[in-house]
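Taking it in order: structure first as structure tokens, then the write-up.
Rule-based calculations on the coordinates, nothing more; no lab input. Just so we're clear, the structure is a prediction, and the values are computed from it rather than from any experiment. For neighbour counting, all protein chains shown are included, and Cβ atoms are generated from backbone atoms with ideal geometry for every residue, glycine included.
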Amino acid sequence: MGLVPPEEEEEEGETAGFTPLPPSSTRISCKDVPAETLYDVLHDTSYRSKWDSNMIETYDIGRLTVNADVGYYSWKCPSPLKNRDFVTLRSWLPLGNDYMIINYSVKHPKYPPRKDFVRAVSLQTGYLIKANGDGACILYYLTQVDPRGSLPKWVVNRVSQFVAPKAMKKIYKAGLKYPEWKRRHDPGYKPWVYPEQNTLPSVSLAELSVQHADSLENIDETGLPEEHLSTSDHEA
């Protein structure tokens, strides 16, 4: 989710009753993780459950081109907030020894909003993985998300302090463990590298449209008290 820069935080007692959240960016140096390995980690949905403890479910819906697809992701929010989900169009591009992955929310007629989730909107999210010497890389992350709701200030502050920085550390640790895991789990299967392996059904651009936030339900969670926040991975 997007984060609130310190200079834009509101006075004590006020709520962050606005959407979307401002853009957030962060980076992490990944020693002993080559850029191509981290690129695989971010693509491999089978591996995601090993490192993303906030994920409820993720799967690929269909492919647009050899380097673009549509996918679903649901995210466990800290209680008592309602869980969020996304349908996004993702594209990727190798840039020599570097890699880029970006996504934004779309509407797909077969995957409408679900009653058990709040459909959030990725206005734009991107990863840039830059090689950094022999067997190392730097991961850059930029995101702006509309969570479809008026959030309490304490939620935004905790997101700023914990969620994005911890997620980056998790991705780094996942990169260290991925080569061994992949050797035991279909090591030759990488459709993001070898498009001939992709067996997803084709999706036409005509089936999709940009997901505008104002067409979705907007819930008010500003009244949720901080003391009722569950202790979870978001705060570890």
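Tabulated results
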read-out: Cut-off 9 Å between beta-carbons: net charge of the residues surrounding residue 83, Lys and Arg +1, Asp and Glu -1; value: +1
read-out: With 10 Å bins from 0: P(r) over region 51-145, alpha-carbon pairs, percent; value: 15, 41, 31, 11, 2
read-out: Normalised contact order of region 59-199, rounded percent, pairs of Cα under 8 Å and 6 or more residues apart; value: 15 percent
